[in-house]
Amino acid sequence: MTDPRTSAILDYLEKHPDSSSNQIQSELGLDISFATVKRILTQLVQNDLLIRTGQGKSTRYRISDSYALLCPVDLDAYFSREIDERDIQPGFNLVLIAKVLPNCSLFNPAESEQLQTLQKRFELNIAGLTENERLQELERLAIDLSWKSSQIEGNTYSLLETERLLKEKETAAGKTREEAVMLLNHKEAIDFIIAHPDYLSPLAVSGIEDIHAILVRELPIDRNIRRRRVGISGTNYSPLDNEFQIRETLMAMCNLINQNSNVFEKALLTLLLISYIQPFADGNKRTARIVSNALLMQHGYCPVSFRTVDSIAYKKALLLFYEQNNLSAFKKIFIEQYAFAVATYF
């Protein structure tokens, strides 16, 4: 939860932009010292939530353009309101990829340090493995990822049943053929990116389509960029519905990700934007998770299985991004799952 004093300062600046620290401290109405106000303001500037202008007594603060994207949101409070009661962005935000995302850092300094520390730990871990041991760990992660990614989409196989299916091709009693195919397709897609680590370098629409084609093989799901409108359960957000506009937006997304030198941002943007654009009739989130992991592995980073993520929390975090273009909840999930992967595999 955000510190109440920090929330109060942010709320004040939303209503009173370009305020000085003295104004904030005197008009806030809280028992808070000037030094504390200055410390909080400095932290908010570092976290890209505020913009500081001027110098000395002329210093002023205002909400940054990245604020809506990065500010903490209480998911329970947000989803306590029903769909039609939430004030959402009903359609695709056309300036998000073009103007907002290129001009902000998705991870604040503390988050970046945490992720880099985890990555160094992963590099030390993997340096001590033989090639056979590395492949065995990748196999273990691939099974977990196939299971969890499918479970998020409603698949009812247990992890143990998934392991039997993927290792021994033994289907589970009482399960549908489509569920087994979904899991097998996941494993095939993961095996493909392991065997072809540079296939998505640079990231291109054609490569994303190829991964999607593997994931939906023998399932009643159309391949290629969709040509019709789709609805998303649980929200009034409506994605783009024009095939050419969808393709152009995907190309812009690929350019944004290719130009970004931060591997963690590449992975997070892929997870969010493929899901947000919804380029396919179905299988978008599955494709996002596999492509995101492909980018991590391509750069020598630890892949993520999402094994311990709560499926409902995952969906709510995505819905928050769809409706408000706020990634705070999903970023938290990403960091937690990266930490879990580094601690659990390799």
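Run the helix sum for the chain: -39,500 (n - 2.57) per DSSP H stretch of 4+ residues, divided by residue count, reported at 222 nm to the nearest 500 deg cm²/dmol.
Counting only the DSSP helices, I get -18500 deg cm²/dmol.
Given H placed 1.01 Å from N in the peptide plane, which residues other than close sequence neighbours of residue 326 have an amide H under 5 Å from its amide H?
For residue 326, whose amide H was placed from the backbone, the distant partners under 5 Å are 321.
Distance between Cα centroids, the range 330-346 to the range 58-86: provide it in whole Å.
Using only Cα atoms, the two centres lie 25 Å from each other.
How far is helix 263-277 tilted off the main Cα axis of the chain, in degrees rounded to 10, range 0 to 90?
Value to nearest ten degrees: 80.
Give me a comma-separated list of calculated 3J(HN,Hα) values for the range 3-9, in order, Karplus coefficients 6.51, -1.76, 1.60 applied at θ = phi - 60°, integers in Hz, x for any Gly or Pro.
4, x, 5, 5, 4, 5, 5
Using Cβ counts within 10 Å as a stand-in for footprinting exposure, how do 226, 164 rank, fewest first?
Going from least to most buried by this count: 164, 226.
Which chymotrypsin sites (Phe, Trp or Tyr not before Pro) in the range 115-158 sit in a loop by DSSP (not H, G, I, E or B) and have at most 15 other Cβ atoms within 10 Å of their own Cβ? Spell out each step's value before the answer.
On the way: sites: 122, 147, 157; in loops: 157.
Those that pass, being in a loop and sparsely packed, number zero.
Kindly flag which residue pairs out of 266/331; 266/332; 148/316; 120/187 have an alpha-carbon separation exceeding 23 Å in this structure.
Too far apart for the 23 Å limit: 120/187.
For helix 284-298, what angle does its Cα long axis make with the longest principal axis of the chain, in degrees from 0 to 90 and rounded to 10?
Its long axis makes an angle of about 90 degrees.
Kindly give Rg over Rh for the chain, based on alpha-carbon atoms, with the Kirkwood expression for the hydrodynamic radius. Don't jump to the answer; show the numbers that get you there.
Numbers: Rg = 21.8 Å, Rh = 21.7 Å.
For the chain, the value is 1.00.
Taking loop as defined by DSSP and a crowding limit of 13 other beta carbons within 10 Å, which GluC sites (Glu not before Pro) in the range 215-290 fit? It would help to have the intermediate numbers written out before the result.
Working: sites: 218, 243, 248, 265; in loops: 218.
Hits after loop and neighbour filter: 218.
Could you work out the Rg to Rh ratio of the range 96-226, with Rh taken as the Kirkwood radius (inverse of the mean 1/r over all Cα pairs)? Walk me through the intermediate numbers first.
Details: Rg = 18.0 Å, Rh = 17.4 Å.
With Rh from the inverse mean 1/r over Cα pairs, Rg/Rh is 1.03.
Calculate how steeply helix 243-259 sits against the longest principal axis of the alpha-carbon atoms of the chain, using the helix alpha-carbon long axis, and give the answer as 0 to 90 degrees to the nearest 10.
On a 0 to 90 degree scale, this one is about 70.
For each of 291, 304, 45, count neighbouring Cβ atoms within 10 Å of the residue's Cβ, then give the residues from fewest to most. Write out the running numbers ahead of the final one.
Values: 291 23, 304 27, 45 14.
Exposure proxy ranking, most exposed first: 45, 291, 304.
Where a ≥ b ≥ c are the square roots of the eigenvalues of the C-alpha gyration tensor, would you call the range 244-315 rounded, which needs a/c under 1.5, or, failing that, prolate if a/b is larger than b/c, or oblate?
Working: a/c = 2.20, a/b = 1.12, b/c = 1.97.
It comes out oblate by the Cα gyration axes.
Just how far, in whole angstrom, is the range 133-158 from the range 231-253 if you go by their alpha carbon centroids?
28 Å
Quick check on the exposure proxy: order 196, 186 from fewest to most C-beta atoms within 10 angstrom. Please report the intermediate quantities before stating the final value.
Values: 196 14, 186 27.
Lowest count first: 196, 186.
Using the alpha carbons of the range 4-64, what is the convex hull volume per residue in cubic angstrom, as a whole number? Before the final figure, lay out each step's value.
Working: hull volume 4.4 nm³, N = 61.
Convex hull of Cα atoms, per residue: 72 Å³.
Only the coordinates and a few stated rules stand behind these numbers; no lab work does. Because the structure is a prediction, the values reported are computed rather than measured. Don't worry about glycine lacking a Cβ; one is built from the backbone with ideal geometry, like all the others, and counts go over all protein chains shown.
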